[in-house]
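J.: Below is the structure I would like to discuss, written out as structure tokens.
The values are calculated or read from the model by the stated rules, or taken from the named source; none is laboratory data. Small disclaimer: the values here were computed from a predicted structure and weren't measured. Cβ placement follows ideal geometry from the backbone for every residue including glycine, while neighbour counts extend to all protein chains displayed.
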Amino acid sequence: MHWEATKMAAPMAWGGLVLTLFGRPRSFLSVSGKVAVRIRSRCKSGRNVLQLHRRGIFKDIFPEGGDLPRLLESGPQTVYCGFDPTADSLHVGNLLALIGLLHFQRAGHRVLVLLGGATARLGDPSGRSSEREAVSANTVQENARGIQEGILGVFHNHRLCFCNDAEAANLGSLSILNNWSWYKEKEVVGFLDTVGRHFRMATMLSRHSVQSRLKSSEGMNLTEFTYQMFQAYDFYYLNQHHNCRIQLGGTDQLGNMISGYEFIHKVTGQDVFGIMVPLVTSSSGDKLGKTAGNAVWLNRNKTSPFELYQYFVRQPDSNIERYLKLFTFIPLAEIESIMDIHRNDPGKRNAQKRLAAEVTKLVHGKEGLETAKRCTRALYHSSMDALETMSDEELQELFKEAPFSENLLEPGTTVLDLCRKASAIPDGPRGYQMITDGGIWINHRQVTKPEQVLILGQHILTNGLSLLRVGKKNYHIVKWLNLAE
């Protein structure tokens, strides 16, 4: 299966090399933990190491005390991070892993994104209290397309919005692979014979993800139990075919990472490494993601730029400094300045607005950020100018629960006619009374005269739209089709 990414110069091939941005490699100088001080003293660009360490992006390294710093200093390396396409979009809970990969790419290293077209059908038990719902092969592949589109968009926006020409030229390569491309040819007995014999039951049973599920009332099925073996083999495959020695993942992936390390070391004698990014949680401590039912998605068709922007604008003060360090590329000195200004007048939420702008620009680009700002002005500041410059798509995203209708504008159409065409008021005297009682707003202006003929520029915007509000929250969008006639 082949398709093209919008705004991308390179073609994408399913199951193989998808996108490559070539550039002159630089050293990657960003790890955390006890090795940070040693790295700082040994690397040419110790400031960058300290900066990323202080950001808290990389929480832990496995194995601790290994030669990862030396490996990274020796030249460009290949790092991978995997995402199982159990939905058709990644969410904010996955964003930090993508940002970790971007920091690798910014330092000139080769980045592999692995889509689990095969492993998504098994179900990763890590961090879950119950079994995942089964997903069909066709659904998994459709989901993978959606996730790939979102990932390519993030890397594309990063290159355009957060890199100058010199930095863009030095970015490492990006490739997107699908593990279905190597599992589809595997024969079960042969796989168990060559791979399964290297895994020990006692070790597999000792993993936290396994122990927590075995103690639950639901237990764990065999398919989930073998997941760690498949993820370990993925790492091995990438190691052998792409010279990949570094895996990036959330802290809940430690057990799977250790399985990969042990398998590769047994089979090849080579040392590989795992780097863990912290899991992002809500203010209540819940892991952000679709499992918790609080997902904020990265793809626009599931969460609009406005919704993403507002999610970060509404973050409590207690999260802001940490999130600025984790989710943006703003220098630490500038973050300190932002926080100083914020503490002097927290009511203005300037720090939240900067955070929201940076994240929205990374996920949806400059146009997405402008959309979010227009929607914010239109909804919260009752801006007529913002309403008039909004597209149909933006209006429907902003008022996603609002009925949308298209109507022909006839001479003498009144406020009452508009309300009835939109099915916004009851028929008869009661609907008429709602208008005279002041319960109707058109384009953020209250109307009280049912027989008022609609005026272009007031009741009908120059983009041919009327935004009708009944009461406090019930919106209707009407598009007039024949204004130009």
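J.: Kindly provide the set of residues from the range 320-337 that are surrounded by fewer than 19 Cβ atoms within 10 Å (Cβ to Cβ) and assigned to a helix (DSSP H, G or I), ordered by number.
T.: 321, 322, 325, 332, 333, 334, 336, 337
J.: Let me ask you something else. If I ask for residues that are surrounded by fewer than 21 Cβ atoms within 10 Å (Cβ to Cβ) and outside any loop (DSSP other than H, G, I, E, B), which ones from the range 70-82 would you list?
T.: Once the filter is applied, which keeps residues that are surrounded by fewer than 21 Cβ atoms within 10 Å (Cβ to Cβ) and outside any loop (DSSP other than H, G, I, E, B), the range 70-82 yields 70, 71, 73, 78.
J.: Let me ask you something else. Restricting the first residue to the range 368-390 and requiring it to be assigned to a helix (DSSP H, G or I), which pairs with a second residue that is β-branched (Val, Ile, Thr) meet a Cβ separation below 6 Å and a spacing of at least six or different chains?
T.: So the pair list comes out as 368/360; 369/360; 372/360; 388/462.
J.: Inspect all residues belonging to the range 296-303 and state whether any of them is in a helix (DSSP H, G or I) and either surrounded by 15 or more Cβ atoms within 10 Å (Cβ to Cβ) or at pLDDT 95 or above (or both).
T.: Within the range 296-303, none of the residues are in a helix (DSSP H, G or I) and either surrounded by 15 or more Cβ atoms within 10 Å (Cβ to Cβ) or at pLDDT 95 or above (or both).
J.: Any residue at all in the range 398-417 that is touching a Ser or Thr at 6+ places or on another chain (Cβ under 6 Å) and surrounded by 16 or more Cβ atoms within 10 Å (Cβ to Cβ)?
T.: No: zero hits.
J.: Okay, next question. From the list 342, 364, pick out the single residue that is in contact with a Pro (Cβ under 8 Å, 6 or more places away or on another chain), assigned by TED's automatic domain parsing to the domain that holds residue 321 and either part of a helix (DSSP H, G or I) or surrounded by fewer than 17 Cβ atoms within 10 Å (Cβ to Cβ) (or both).
T.: Result: 364 is the single residue among 342, 364 that is in contact with a Pro (Cβ under 8 Å, 6 or more places away or on another chain), assigned by TED's automatic domain parsing to the domain that holds residue 321 and either part of a helix (DSSP H, G or I) or surrounded by fewer than 17 Cβ atoms within 10 Å (Cβ to Cβ) (or both).
J.: Has the range 200-220 got any residue that is in contact (Cβ under 8 Å) with a residue 40 or more places away in the chain, assigned by TED's automatic domain parsing to the domain that holds residue 86 and over 18 Å from residue 124 (Cα atoms)?
T.: No, the range 200-220 contains no residue that is in contact (Cβ under 8 Å) with a residue 40 or more places away in the chain, assigned by TED's automatic domain parsing to the domain that holds residue 86 and over 18 Å from residue 124 (Cα atoms).
J.: Could you please find all residues in the range 248-261 being surrounded by 16 or more Cβ atoms within 10 Å (Cβ to Cβ) and either hydroxyl-bearing (Ser, Thr, Tyr) or in contact (Cβ under 8 Å) with a residue 60 or more places away in the chain (or both)?
T.: Residues satisfying the conditions are 248, 249, 250, 252, 253, 254, 255, 256, 257, 258, 259, 261.
J.: Please identify the pairs in which a residue from the range 234-247 that is touching a residue at least 60 places away in the same chain (Cβ under 8 Å) and farther than 16 Å from residue 181 by Cβ has its Cβ atom under 7 Å from the Cβ atom of a residue that is among the polar types (S, T, N, Q) and not in a strand (DSSP E or B), counting only partners at least 6 apart or on another chain.
T.: 245/77; 245/239; 246/77
J.: Please go through (1) at negative phi; (2) over 27 Å from the mean Cα position of the chain (by Cα) for residue 382 and return the number of the only condition it doesn't satisfy.
T.: Among (1) at negative phi; (2) over 27 Å from the mean Cα position of the chain (by Cα), the lone unmet condition for residue 382 is (1).
J.: If we only count strands (runs of 3 or more DSSP E) wholly inside the range 406-485, which ones have 3 or more residues that are closer than 22 Å to residue 380 by Cβ and touching a helix residue (DSSP H, G or I) at 6+ places or on another chain (Cβ under 8 Å)?
T.: Per the criteria, 465-470.
J.: Helices (runs of 4 or more DSSP H) wholly in the range 163-267 with at least 2 residues that are closer than 23 Å to residue 140 by Cβ, of a type outside the set (Asp, Glu) and at pLDDT below 90 - which ones?
T.: Of the helices (runs of 4 or more DSSP H) lying wholly inside the range 163-267, those with at least 2 residues that are closer than 23 Å to residue 140 by Cβ, of a type outside the set (Asp, Glu) and at pLDDT below 90 span 188-194, 208-214, 222-225, 227-242.
J.: Pairs only if they're at least six apart or on different chains, beta carbon under 6 angstrom, first in the range 396-424 and under 16 Å from residue 474 (Cβ atoms) and in the same structural domain as residue 444 (by TED's automatic domain parsing), second of a type in the set (Val, Ile, Thr) and in a helix (DSSP H, G or I); list them, first residue then second.
T.: Nothing qualifies.
J.: Inside the range 459-482, can you point out the residues that are touching a strand residue (DSSP E or B) at 6+ places or on another chain (Cβ under 7 Å) and loosely packed, with under 14 Cβ neighbours inside 10 Å?
T.: 481
Conditions tested, residue by residue: (1) in contact with a strand residue (DSSP E or B) (Cβ under 8 Å, 6 or more places away or on another chain); (2) more than 20 Å from residue 88 (Cα to Cα); (3) not in a strand (DSSP E or B).
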| residue | (1), (2), (3) |
| --- | --- |
| 101 | yes, yes, yes |
| 105 | yes, yes, yes |
| 108 | no, yes, yes |
| 112 | yes, no, no |
| 123 | no, no, yes |
| 135 | no, no, yes |
| 140 | no, no, yes |
| 143 | no, no, yes |
| 147 | yes, no, yes |
